[in-house]
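Report on the following structure.
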Amino acid sequence: MKKSLVAAALCAGGALPVQAQDAQLEPLLITATRFESGIDSAPVNVTVIDRAEISRSASDNLAGLLESRAGVHVNDLFGISGSKSRVDLGGFGGTGGLNTLILLNGRRLNDVDVSGANLAAIPLAAIERIEVIRGSSAVLYGDNAVGGVINIVTRDGFGTGRGEVELSTGSFDTHRLSARLRGGDESAWSLAVAGLTSNGYRDRSAFDDASFAADWSRPYGDNLWGFRVNGHYEEMELPGALNEPDFLADPTQAGTGALESTREHSHGLEGFLAGETISAELAWRSKHQEATIFGDTEADLATLSFTPRIRHDVGPHRLVAGIDLYHSELETSAFFPDTGWGANSNRSDLTRESYAVYLTDAIAVTERLEANLGARWQSVRFDVDNLDRISGTRTTDGRKDNLSSWEAGLAFTHGNGGRSYLRLAESFRFAVLDEVWSYFTGGIALLKPQEGRHFEIGTRQPVAGGHVSASAFRIRLTDEIAFDEGQFANVNLDPTEHTGLDLELQLPLTSQLALRGGYGLRRAEFREGAYSGNTVPEIPRHKANLAADYRTASYGQFTLEAVYTGERYFGNDFDNIGKRMPGHTRFDAAWSRDFDHWRVGLTVKNLTDEKAADSGFYSAWSANPYFYYPLPERAWYLTVGATF
């Protein structure tokens, strides 16, 4: 491929990686500007997890891979597939997944419902790299990009090698299959598939999971154009939460109550044009969900989007301008039997229209100093129509909001190649569709948009062939959107403040040994109102990670990872009247060795057999008010793979 096409393959629309022999010296990312740029020129705190790190990690799913990074907290319910996990970058607790934007090749995966982005839907075999952007990106991406953005870039069909296949088996009767094929020259295609079946760690926790991702692309002048298709299916038993006495006695047991389960299948189709000066995506995504949790619910969500943008240089100015158009429809049905408060049966139709325009300007003030300015205007309209099928009552309501966000920053490049930055920004988040409508009651509550002011400062410096980075932030929010168990409804909270510090180190000590470590500090408190001075629950104050990779020519590669998650208040405990959920440290180890075109590997999860939970909640209605979602005990997995 020509050099111009290589650059185009790395731009935001295409997000297509090239092989190592063609790659530029510094990793490229698309998240920070929605066009390709070097990681060392980004005016934000960025971590890039490349294909080599993904391959040697002890994590076998996307949620676990992200959990091992500085400042990234994952609320994991099951600990095997990563399904239903919530990623939290800015210290938001229960709404972390709604304040962190997940992208796939620059296109948002966050659906406009509370389930957010399903990390289990993306096969690891399909991923080329992951870009973690800490801090507000509301100007470029709008909704959800409050605490940060995670962009998952898939592998394309260009390069050498025809494909790979991997089989894995291990604890809890867990079996995995993943495969990837590629082909083409001027036109290229790739297909990745993955399947997972397991009895689960707990009683009544079996699940089946399957996904695929396909890509076809072709050069057009200095641009690329093509199509992407993806799909995901999962069926899960839900063992429920355990109160504390049951958790301490036997964490493998299921919670009390009726058998609960959920089923989901989703599909997406995207056409894209990717270039150095123009990019665009036209995408359609659908999702069908069924669940039995206290009652029976069913939902169908469809979203159509068009996201074109251009980049133009004028003297010292690098301008990026674009529009984001989204149309979403959610059809729901819910029935809850009479358990003492009367039966509920509702059917609703909800729509959300979103229109946005944005403009950013990176100004080269001097050879080393850059100023970054940006602004976004976005209009969102909700329309809700609910039918109470028991009383026959129909209720309709709607709301339209026009909001703007901005950012202003300075970035300075040091003589050693390092970079420091300072940013001020404004963000917003609109309520998702089932935050304004209740499955349980059919009630409509058109919440105000959440708005925030951000201050961010950070630096990234090269150190002995690696790097060290540090960043700090403060977010002052008004009308933060969250669920309040006391009102049994989604509400706008009183003003809050979220502050944090992230430290990260990557250091190759020798040609064989490399270390990676990180630390994240999070603090979120109410500034006013009935909870003034209280801590927002479900947010670990401290989180730390450390990993060592040791590579040998004769015995293969060894990886040891440790993640410490600190104490935090149980979910729902806005009053801070209960105790804190205990902190825990989990160790994972992996070994792998290559034999020509074959690879064998062994992974041991939770080496020390720690009894712990990432998620839990406080219920004032129970005599034992503390509830846990236990993570698996020590587990092992054997893997055999081949490339061809």
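Structure notes:
- Positions within region 243-252 being surrounded by fewer than 17 Cβ atoms within 10 Å (Cβ to Cβ) and touching a strand residue (DSSP E or B) at 6+ places or on another chain (Cβ under 7 Å), in sequence order: Glu244
- Qualifying residues in region 472-509 (those that are among the aromatic types (Phe, Trp, Tyr) and closer than 24 Å to Arg541 by Cβ) - the one modelled with the lowest pLDDT: Phe483
- Across region 315-331, the number of residues qualifying as open to solvent by 70 Å² or more (accessible area, probe 1.4 Å) and part of a strand (DSSP E or B) comes to 3.
- With respect to the conditions (1) over 25 Å from Phe428 (Cα atoms); (2) surrounded by fewer than 15 Cβ atoms within 10 Å (Cβ to Cβ); (3) touching a residue at least 40 places away in the same chain (Cβ under 8 Å), Ala334 lacks only one, and its number is (2).
- Residues that are under 24 Å from the mean Cα position of the chain (by Cα) and surrounded by 19 or more Cβ atoms within 10 Å (Cβ to Cβ), drawn from region 404-433: Ser405, Glu407, Arg423, Ala425, Glu426, Ser427, Phe428, Arg429, Phe430, Ala431, Val432, Leu433
- Strands (runs of 3 or more DSSP E) fully within region 398-501 counting 3 or more residues that are touching a Gly at 6+ places or on another chain (Cβ under 8 Å) and of a type in the set (A, V, I, L, M): 419-429, 466-478
- Of all the criteria given as (1) of a type in the set (D, E, K, R); (2) open to solvent by less than 80 Å² (accessible area, probe 1.4 Å); (3) in a loop (DSSP other than H, G, I, E, B); (4) out of contact with any helix residue (DSSP H, G or I) (no Cβ under 9 Å at 6 or more places or on another chain), the one not satisfied by Glu528 is (2).
- Some residue of region 555-568 being open to solvent by less than 60 Å² (accessible area, probe 1.4 Å) and not in a strand (DSSP E or B): yes
- Restricted to region 293-314, and to residues there that are among the aliphatic types (A, V, I, L, M) and closer than 24 Å to Glu435 by Cα, the residue that is most open to solvent (accessible area, probe 1.4 Å) is Leu304.
- Unique match (being farther than 30 Å from Ser348 by Cβ and in contact with a helix residue (DSSP H, G or I) (Cβ under 7 Å, 6 or more places away or on another chain)) among Leu124, Leu140, Leu119: Leu124
- Subset of region 597-611 that is open to solvent by 70 Å² or more (accessible area, probe 1.4 Å) and basic (Lys, Arg) - its residue that is nearest to Phe483 (Cα to Cα): Lys611
- Region 178-195, subset closer than 16 Å to Phe644 by Cβ and surrounded by 24 or more Cβ atoms within 10 Å (Cβ to Cβ), residue nearest to the chain's Cα centre (by Cα): Ala192
- Of the residues making up region 213-228, those that are closer than 19 Å to Ser279 by Cβ, touching a strand residue (DSSP E or B) at 6+ places or on another chain (Cβ under 7 Å) and open to solvent by 30 Å² or more (accessible area, probe 1.4 Å) are Trp216, Arg218, Asn223, Trp225, Phe227.
- Sole residue being in a strand (DSSP E or B) and surrounded by fewer than 17 Cβ atoms within 10 Å (Cβ to Cβ), chosen from Asp594, Asp614, Asp588: Asp594
- Pairs, first over 26 Å from Leu77 (Cα atoms) and touching a residue at least 24 places away in the same chain (Cβ under 8 Å) in region 186-201, second buried (at least 23 other Cβ atoms within 10 Å of the Cβ) and among the aromatic types (Phe, Trp, Tyr), C-beta under 7 Å, six or more apart: Ala188/Phe158
- Only listed residue being touching a Cys at 6+ places or on another chain (Cβ under 7 Å) and within 30 Å of Ile323 (Cα to Cα), chosen from Ser279, Ser266: Ser279
- Looking only at region 119-177, and only at residues there that are open to solvent by less than 20 Å² (accessible area, probe 1.4 Å) and of a type in the set (Asp, Glu), the one that is nearest to the chain's Cα centre (by Cα): Glu131
- Looking across region 222-249, the residues that are in a loop (DSSP other than H, G, I, E, B) and either at pLDDT 95 or above or small (Gly, Ala, Ser) (or both) come down to Gly240, Ala241.
- Of all residues in region 364-397 being exposed (fewer than 15 other Cβ atoms within 10 Å of the Cβ) and of a type in the set (A, V, I, L, M), the one that is nearest to Glu329 (Cα to Cα): Ile390
- Any hit, region 70-83, residues being among the charged types (D, E, K, R) and under 11 Å from the mean Cα position of the chain (by Cα): no
- Scanning region 532-553 for residues that are of a type in the set (Gly, Ala, Ser) and either crowded, with 19+ Cβ neighbours inside 10 Å or out of contact with any strand residue (DSSP E or B) (no Cβ under 9 Å at 6 or more places or on another chain) (or both) returns Ala547, Ala553.
The values are calculated or read from the model by the stated rules, or taken from the named source; none is laboratory data. What you see is a predicted model, and the numbers here were worked out from it, not measured in a lab. Neighbour counts are summed over all protein chains in view; Cβ atoms, including those assigned to glycine, are modelled from backbone coordinates with ideal geometry. When the accessible area is computed, the model is the full protein with side chains, heavy atoms only, and any ligands, DNA or RNA have been set aside. Shrake-Rupley method; radii C 1.70, N 1.55, O 1.52, S 1.80 Å.
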